[in-house]
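This report concerns only the one structure given below.
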Amino acid sequence: MTSDDFAPSRPKVYAHRGASAAFAEHTRAAYLKAIADGADGVECDIHLTRDQHLVLLHDADLDRTSTGTGPVAERTLEELRALDFSSWKGARIPEAYGGVSDQFLTLPDLLDILCEAGREIGLAIELKHPSPYGLKLEDRVLALLEEEGWTPEESRLENIHISFMSFDSDSVGRLLETVPGKHVCQLVDNFTAKEIREEFGLGFFTGGAVANVMRATQEDAERVLDEGLVGIAGPGIEYVREHARNVQRWLEAGRIFRVWTVDSEKDVALCQGLGIHEITTNKPAQVLAQLMVSK
């Protein structure tokens with residue numbers, strides 16, 4: 001059994017922000033490429049704009065992946081559509097995948113793309129926190145899906161099976177008020193003060209304080225999984241390596257595992273050996289090819 005209710009002979013492959021090794025993450029080209037590559041599903045990250053539209057971006061600010069700067073939450077949808085979200089990657093976009101101005105996507109845009117895939121496909125929606133709009137993010141996502149015809153029990157919209165993810169246990173709790181636990185994924189990562197200081201360029205004391213907050217988030221996520229409140233466990237590949245006992249316990253308890261971000265042959269083999277159900281990767285074509293050979 002997997003999170004979309006059938007058991008393939010290999011792990012299912014979810015494209016992380018689309019086929020984001022090939023094209024800029026979260027763009028039309030990245031998702032169309034993932035579909036063409038044969039990905040079983042795709043993953044996306046969701047933020048709310050100032051005018052309350054649901055947009056596909058990972059970061060809370062625009063600096064890394066666009067020609068804009070500053071917080072996403074302070075921009076309107078019209079302002080975001082005027083930015084370039086694809087050229088930073090340096091990849092030439094095939095004409096069939098649209099021009100630069102077509103690459104930025106809202107959640108409704110992605111639903112349209114997936115509905116036109118011509119086959120069953122999964123969609124894993126990550127709700128990004130902290131958000132200046134709090135749990136209104138969850139409410140807006142669920143309301144939009146319901147308007148499109150999605151129903152919680154089956155969590156389907158035409159050919160799309162939808163699951164929901166967050167690192168934030170409050171977000172997961174809000175989702176569980178409406179969505180059955182089998183469609184909800186508690187994300188969990190492995191944090192150390194040293195890694196946080198190095199990644200964010202923080203000093204000893206500031207890095208330690210941030211690490212304490214992030215460790216508390218990790219402990220909350222582990223509690224959610226220990227108590228069986230959700231059906232899907234979403235650890236990072238580093239967590240899988242470092243916390244083998246937790247992984248084994250949750251697998252034995254029947255949690256479906258969706259591991260991210262798995263790009264190397266070694267990590268794919270590790271996941272396959274452990275009996276991981278779903279692999280999230282930037283390179284869906286490469287991972288699928290490896291799984292087909294080793295099946």
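Each residue in the stretch 35-48 was checked for being in a loop (DSSP other than H, G, I, E, B) and in contact with a strand residue (DSSP E or B) (Cβ under 6 Å, 6 or more places away or on another chain), and 2 pass. In the stretch 232-255 there is no residue matching the filter, namely being among the aromatic types (Phe, Trp, Tyr), within 21 Å of the chain's Cα centre (by Cα) and open to solvent by 50 Å² or more (accessible area, probe 1.4 Å). Residue count for the stretch 118-141, restricted to those that are over 14 Å from LYS33 (Cβ atoms), open to solvent by less than 10 Å² (accessible area, probe 1.4 Å) and either part of a helix (DSSP H, G or I) or out of contact with any Ser or Thr (no Cβ under 8 Å at 6 or more places or on another chain) (or both): 3.
Go through the residues of the stretch 110-117 one by one and say whether even a single one is in a loop (DSSP other than H, G, I, E, B) and open to solvent by 40 Å² or more (accessible area, probe 1.4 Å).
Kept after step one, since they are in a loop (DSSP other than H, G, I, E, B), are these residues of the stretch 110-117: 116-117.
From what's left, open to solvent by 40 Å² or more (accessible area, probe 1.4 Å): 116.
Yes, there is a match, as at least one residue in the stretch 110-117 is in a loop (DSSP other than H, G, I, E, B) and open to solvent by 40 Å² or more (accessible area, probe 1.4 Å).
Does LEU32 meet the test of being touching a Leu at 6+ places or on another chain (Cβ under 7 Å) and either at pLDDT 95 or above or part of a helix (DSSP H, G or I) (or both)? For LEU32, the condition - touching a Leu at 6+ places or on another chain (Cβ under 7 Å) and either at pLDDT 95 or above or part of a helix (DSSP H, G or I) (or both) - is not met. Note on the stretch 146-172: residues that are open to solvent by 30 Å² or more (accessible area, probe 1.4 Å), closer than 18 Å to LEU114 by Cα and touching a residue at least 12 places away in the same chain (Cβ under 8 Å) total 2. For the stretch 57-92, a residue qualifies if it is among the aliphatic types (A, V, I, L, M), free of Cβ contacts under 8 Å to residues at least 60 places away in the same chain, more than 14 Å from GLU25 (Cα to Cα) and touching a helix residue (DSSP H, G or I) at 6+ places or on another chain (Cβ under 9 Å), and the qualifying residues are VAL72, LEU80, ALA82.
Screening PHE6 with (1) modelled with pLDDT of 95 or more; (2) assigned to a loop (DSSP other than H, G, I, E, B); (3) under 25 Å from VAL230 (Cβ atoms) gives one miss only, at (1).
Going residue by residue through the stretch 99-109, is there one that turns out to be outside any helix (DSSP H, G or I), in contact (Cβ under 8 Å) with a residue 12 or more places away in the chain and open to solvent by 20 Å² or more (accessible area, probe 1.4 Å)? Checking the stretch 99-109: not a single residue is outside any helix (DSSP H, G or I), in contact (Cβ under 8 Å) with a residue 12 or more places away in the chain and open to solvent by 20 Å² or more (accessible area, probe 1.4 Å). Across the stretch 76-88, not a single residue is classified as among the polar types (S, T, N, Q), in contact with a Cys (Cβ under 9 Å, 6 or more places away or on another chain) and either crowded, with 21+ Cβ neighbours inside 10 Å or closer than 22 Å to GLU158 by Cα (or both).
The values are calculated or read from the model by the stated rules, or taken from the named source; none is laboratory data. Everything numeric here is computed off the predicted structure, so don't read it as measured data. A quick note on method: Cβ atoms are made from the backbone with ideal geometry, for glycine too, and the neighbour counts reach across all protein chains shown. To get the accessible areas, we keep the full protein, side chains included, count just its heavy atoms, and leave off ligands, DNA and RNA. Shrake-Rupley method; radii C 1.70, N 1.55, O 1.52, S 1.80 Å.
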